[in-house]
Amino acid sequence: MPNVVVIGAQWGDEGKGKVVDIYTEHADNVVRYQGGNNAGHTLVVGDEKVVLHLIPSGILHEGKRCIIGNGVVLDPEVFIREITNLKAKGRIKDDSVLCLSEGLHIIMPYHKRIDIAREAKSGDKKIGTTGRGIGPAYEDKIGRRGIRLCDLLDRDIFARKLTEALEEKNFLLEKFLNDKPFTFEEIFNEYNGYAATLRKYVADTSLMLHQEVKAGRNILFEGAQGTLLDVDHGTYPFVTSSSTCAGGACTGTGVSPREINEIIGISKAYVTRVGSGPFPTELLDETGENMRQAGNEFGSTTGRPRRCGWFDAVVLRYAVRVNGLTGVAITKLDVLDGFDTVKICTGYRYKGKVITEIPATLEVFADCEPVYEEMPGWNCAISNVKSFAALPENAQKYVKRLEQLMGCEIVMVSVGPRRDETISLRNPFFA
Ligand code: IMP
């Protein structure tokens with residue numbers, strides 16, 4: 001069975017949770033490899049709605065191993081709360097199905113306070129972060145002063161690293177960010193408590209995955225956020241701090257690129273974005289509001305209203321290229337059911353010229369006007385449609401046009417939040 005990476009092809013919130021949940025049926029291992037609890041996957045299982053921020057959604061399937069890889073930054077409090085909630089719902093009957101990389105970095109209380117204080121100080125230049133301490137935790141990782149899970153598990157190493165960190169963090173908090181400092185004791189005691197709970201989940205997950213592959217068992221890599229939020233390939237600096245692109249699946253798990261067989265990008269049939277930054281097809285009018293209401297576009301992590309706009313084929317072509325997508329899943333097609341016409345952005349107009357690639361400079365990107373193609377809508381409900389051929393003709397034409405403009409095969413079309421509201425065109429696990 002192939003190893004498959006599932007990633008967001010836009011600015012996050014593309015509906016990866018549902019797609020991963022469907023594909024999990026064919027996977028032995030489901031792995032998160034970047035980000036942290038800035039992500040939020042809303043899943044509808046039967047009539048039950050489950051929101052997961054850290055634990056791979058594969059946990060809803062019995063017998064699958066769920067791994068949180070070294071590339072993730074983990075807030076222990078959130079992780080433990082998620083386990084407790086899942087157990088209260090009768091999930092995770094066996095703790096050995098959940099594994100944490102000993103090399104992942106821990107989000108500390110000062111990361112969260114710095115994240116929030118820095119945003120507050122940035123005024124109109126703020127990124128619009130989720131305030132979960134993600135950026136500051138990755139800063140410490142890259143700055144080689146982070147605290148990893150294996151450090152947290154050793155009282156002496158943890159005490160030393162925390163002492164060193166607090167010297168710098170308290171200085172930053174008090175002198176630059178005008179915020180409160182932390183005492184060693186308040187963090188040390190709380191986090192030692194977490195260490196005791198986390199210990200049983202800790203493993204050499206890179207080795208574990210290597211052994212799984214050798215034994216013929218496969219991996220589903222569950223990406224968080226989206227391509228345009230990648231720290232290298234996204235709309236920097238309005239990005240998250242991790243590698244959200246397909247390459248992150250390897251660095252964030254210790255699995256070789258040679259082991260990856262399929263890379264599936266998830267894209268809404270339109271675009272949403274939360275937080276600041278350029279968004280050429282954004283609709284600030286009634287049409288945008290209608291999209292937000294029809295798609296229930298409010299963040300599952302922060303509850304913030306999402307910015308909405310028409311499908312951007314330039315963004316998708318870019319995502320196909322930088323990730324090497326082998327297929328695209330189009331989600332939330334049903335959200336466009338009520339529109340008389342639908343638009344697709346095929347390029348940008350900048351200073352009178354049409355460009356078909358995303359400009360590197362943010363200021364140029366912010367000044368780009370979308371060039372649209374307009375198509376008739378289908379004006380009827382499609383959520384109960386079970387095959388592509390049964391979709392209204394105009395909906396079929398719209399999907400086919402997206403495929404043509406992206407230059408990548410569409411392998412799935414989602415027409416509603418439930419598992420059974422999905423049209424599968426090709427299953428990457430049976431390629
Ligand atoms: P951070 O990841 O909290 O540092 O936020 C950085 C940027 O990424 C902000 O614009 C956030 O809104 C955005 N972001 C982070 N996680 C998600 C997500 O799961 N979906 C959509 N946007 C996200």
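Rule-based calculations on the coordinates, nothing more; no lab input. Since this is a predicted model, take the numbers as computed values, not measurements. Cβ: placed from backbone, ideal geometry, glycine included. Neighbour counts: every protein chain shown.
A few notes on this one:
- The chain - mean residue ellipticity at 222 nm from DSSP helices (-39,500 (n - 2.57) per run, n ≥ 4, rounded to 500): -9000 deg cm²/dmol
- Cα centre as origin, Lys/Arg/Asp/Glu Cβ charges: the chain dipole, Debye: 320 debye
- Nearby aspartates and glutamates by direct alpha-carbon distance to K87 (threshold 16 angstrom, same-chain neighbours under 8 apart not counted): E48, E62, E77, D95
- Relative contact order of the chain, pairs being alpha-carbon contacts under 8 Å that are 6 or more residues apart, as %: 20 percent
- Here the residues E48, E190, E82, ranked from fewest to most Cβ neighbours within 10 Å of their Cβ, fall in the order E48, E190, E82.
- Normalised convex hull volume, the range 105-198, alpha-carbon set, Å³ per residue: 90 Å³
- DSSP-defined beta bridges in the range 24-86 - what % are antiparallel, rounded to 5: 50 percent
- Springs between Cα atoms under 10 Å define the GNM used for the chain, and in it the highest mean-square fluctuation of A137, A246, A195 occurs at A195.
- Among the listed pairs K89/K386; K268/K397; K49/K386, a Cα-Cα separation exceeding 24 Å is found for K89/K386.
- Of the residues K64, K18, the one with the fewest other Cβ atoms within 10 Å heads the list, and the complete ranking is K64, K18.
- Restricting the range 353-421 to GluC sites (Glu not before Pro) in coil, as DSSP defines it, with at most 15 other Cβ within 10 Å: E357, E409
- Per-residue HN-Hα couplings for the range 133-144 [Karplus 6.51, -1.76, 1.60; θ = phi - 60°; Hz; x = Gly/Pro]: x, 5, x, x, 5, 5, 4, 5, 4, 5, x, 6
- Of the three principal axes defined by the Cα atoms of the chain, the extents in descending order read 66, 50, 39 Å.
- Beta bridge orientation in the range 258-348: antiparallel %, DSSP, nearest 5: 40 percent
- For the range 133-188 versus the range 300-325, the spacing of their alpha-carbon centroids is 34 Å.
- Stokes-Einstein translational diffusion, the range 319-423 - Kirkwood Rh over all Cα pairs, 1.567 mPa s, 4 °C, in µm²/s: 85 µm²/s
- Residues R32, R273, arranged from fewest to most other Cβ atoms within 10 angstrom of their Cβ, appear as R273, R32.
- Antiparallel bridge percentage (DSSP; both residues within the chain; nearest 5): 40 percent
- Degrees, to the nearest 10: 205-214 long Cα axis against longest axis of the chain: 50 degrees
- With θ taken as phi - 60° and the Karplus curve 6.51 cos²θ - 1.76 cosθ + 1.60 applied, the whole-hertz 3J(HN,Hα) list for the range 183-193 is 8, 4, 4, 4, 7, 4, 5, 4, 6, 5, x Hz, x standing for glycine and proline.
- Only Cα pairs under 8 Å and 6+ residues apart enter the sum, and on that basis the relative contact order of the range 105-198 stands at 27 percent.
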